[in-house]
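Single-structure report; data block below.
The values are calculated or read from the model by the stated rules, or taken from the named source; none is laboratory data. The model shown is predicted, which means the values in this text are computed figures rather than measured ones. Here Cβ is always computed from backbone atoms with ideal geometry, including for glycine, and neighbour counts include all displayed protein chains.
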Amino acid sequence: MEQIIRIAVQKSGRLSDDSLSLIKECGIKFYNGTGKLKSTATNFPVEFLFLRDDDIPGYVADGVADLGIVGENELVEKDKDVLTLKKLGFSKCRLSLAIPKGQEYSGIHYFQGKSIATSYPKILGDYLKSHKIEAEIHEISGSVEIAPSIGLAEGICDIVSSGSTLLMNGLKEVEEIFKSEAVLIGNHEMADWKKAIVDKLLFRINAVQKGKSNKYVLMNVPNASISRVIELIPGMRSPTILPLAQEGWSSVHSVLSEDQFWENIEELRAAGAEGILVVPIEKMVI
Ligand SMILES: Nc1ncnc2c1ncn2[C@@H]1O[C@H](COP(=O)(O)OP(=O)(O)OP(=O)(O)O)[C@@H](O)[C@H]1O
Ligand SMILES: O=P(O)(O)OC[C@H]1O[C@H](OP(=O)(O)OP(=O)(O)O)[C@H](O)[C@@H]1O
Ligand SMILES: [Mg+2]
C-alpha cells in the first residue's frame, strides 16, 4: 500500500486561500481544479480532501483524515478529541456578543433572560454558564447579524474581524468571548510512518513561519563601528562581515526579526551604518 497521509482543508471560504498558500510555500505541489474534492500532491506523500470547515474536526477525530486545517472556533465548538499540532497565524478573528447599537449596555447581566442567535451554541453556552447567565440560545447556521433586526433574537454571538458586518447591520460589539486563528490538527493515533510524514511537514511549516517573521539585513559599516553594530544585530550565530572595495568599510549581513530591526535602526545609523537593505526570507532552518 502506498504510504500517504490525508489532510482536510476548507473547500472554499475564509481559510482556503491561506491554507493552500501555506501548503505551496512548503514546496508541496498539487492540482487544485475547481470542483475537484480530492487531490494528491505530486512531490510529497499527501492527499488533500476539500471539505466544509464544520466537518474537518470530526473527520480528523475519526481518522478519515490524518490532519486538518481549521479555525479554533470551529474546533472548540465541535468538541472533538484531536491534537492541536500548530497555530498557523492566519484567519485571526474573535467570537463576540453584540447588541443593537441603540441599546445601553452595562455588563454581561444585560443578557439575563434574553435571546441570543449564534452558530456557536457550545462556546456561547459555556461562556454564559461560567458567568451564571441564563439566556435562550437560538442556533442558526449563517447570516447571524440579521437576527435582531428581524425579531429572531435580542442579541447575537458571531465572528468579528474588522467589525464592518456588525456596523452595517446596526449592531455593536459588547463582549469578546473567544479568540481564534487557524490551527493544524491531527488524529491522536497515527502509525509511526504517518508521524514521520507529519514531522516532515511540520519542519517545513516551521521553516516558512520563521522565514516570515525574520528579515535578512545588509548594511555598510565603517570598520571602527563593527563591534557596536554586532551588538545591535547579533544574527543567527553571528553576522557575516565582508570587506568593501573602499578601504576602512565593511558590509555587515545579519538575520533578525523585523521588530528588532526597527527598535535598533536609530542606533545603527548613529553608529555610522548606511546603505541599509532589508530583504524578505522565504524559508529559514535553524
Ligand atoms: N471575517 C473573518 N476574518 C478572519 N477569519 C474569519 C472571518 N470569518 C471567518 N473566519 C475564520 O475562518 C473560518 C471559516 O470561515 P467561513 O466564513 O469561510 O466559514 P463557513 O461559511 O462556515 O465555511 P464552510 O462553507 O466551509 O462551512 C471561521 O470558522 C473562522 O475561524
Ligand atoms: O468583522 P468582519 O470583518 O465584517 O467579519 C465578520 C464576518 O465575516 C464572516 O462572514 P463571511 O464574510 O465569511 O461570510 P459567511 O458568514 O457567509 O461565511 C463572519 O461570519 C462575519 O459575518
Ligand atoms: Mg462552516
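From the list 13, 68, 27, 63, the lone residue that is more than 21 Å from residue 193 (Cα to Cα) and either more than 16 Å from ligand 2 (Cβ to nearest atom) or within 22 Å of the chain's Cα centre (by Cα) (or both) is 13.
Residue selection: residue 122 fails the criterion of being outside the structural domain of residue 71 (by TED's automatic domain parsing), over 27 Å from the mean Cα position of the chain (by Cα) and part of a helix (DSSP H, G or I). The one condition from (1) more than 30 Å from residue 47 (Cα to Cα); (2) more than 16 Å from ligand 3 (Cβ to nearest atom) that residue 140 does not meet is (2).
Here residue 213 meets the list (1) small (Gly, Ala, Ser); (2) within 30 Å of residue 130 (Cβ to Cβ); (3) at pLDDT below 95 almost entirely, failing just condition (2).
As a summary of the residue check, residue 110 satisfies the conditions (1) in a helix (DSSP H, G or I); (2) of a type outside the set (S, T, N, Q); (3) within 13 Å of ligand 1 (Cβ to nearest atom) except for the one numbered (3).
Residues checked against (1) within 16 Å of ligand 1 (Cβ to nearest atom); (2) free of Cβ contacts under 8 Å to residues at least 24 places away in the same chain:
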{"residue": "2", "(1), (2)": "no, no"}
{"residue": "7", "(1), (2)": "yes, no"}
{"residue": "31", "(1), (2)": "no, yes"}
{"residue": "35", "(1), (2)": "yes, yes"}
{"residue": "39", "(1), (2)": "no, yes"}
{"residue": "48", "(1), (2)": "yes, no"}
{"residue": "52", "(1), (2)": "yes, no"}
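Within the range 54-75, residues that are at negative phi have Cβ atoms under 7 Å from residues that are assigned to a helix (DSSP H, G or I) and more than 13 Å from ligand 1 (Cβ to nearest atom) in these pairs: 66/194; 67/60; 67/198; 68/60, counting only partners at least 6 apart in sequence or on another chain. Before we move on, is residue 77 buried (at least 19 other Cβ atoms within 10 Å of the Cβ) and of a type in the set (D, E, K, R)? For residue 77, the condition - buried (at least 19 other Cβ atoms within 10 Å of the Cβ) and of a type in the set (D, E, K, R) - is met. Filtering 44, 48 for residues that are farther than 15 Å from residue 15 by Cβ, aromatic (Phe, Trp, Tyr) and either surrounded by fewer than 22 Cβ atoms within 10 Å (Cβ to Cβ) or modelled with pLDDT of 95 or more (or both) leaves a single hit, 44. Taking the condition surrounded by fewer than 18 Cβ atoms within 10 Å (Cβ to Cβ) and under 24 Å from residue 158 (Cα atoms), does residue 104 pass? Here the answer is yes, as residue 104 does meet what is asked.
Taken together, the residues in the range 197-223 that are assigned to a strand (DSSP E or B) and among the polar types (S, T, N, Q) amount to 2.
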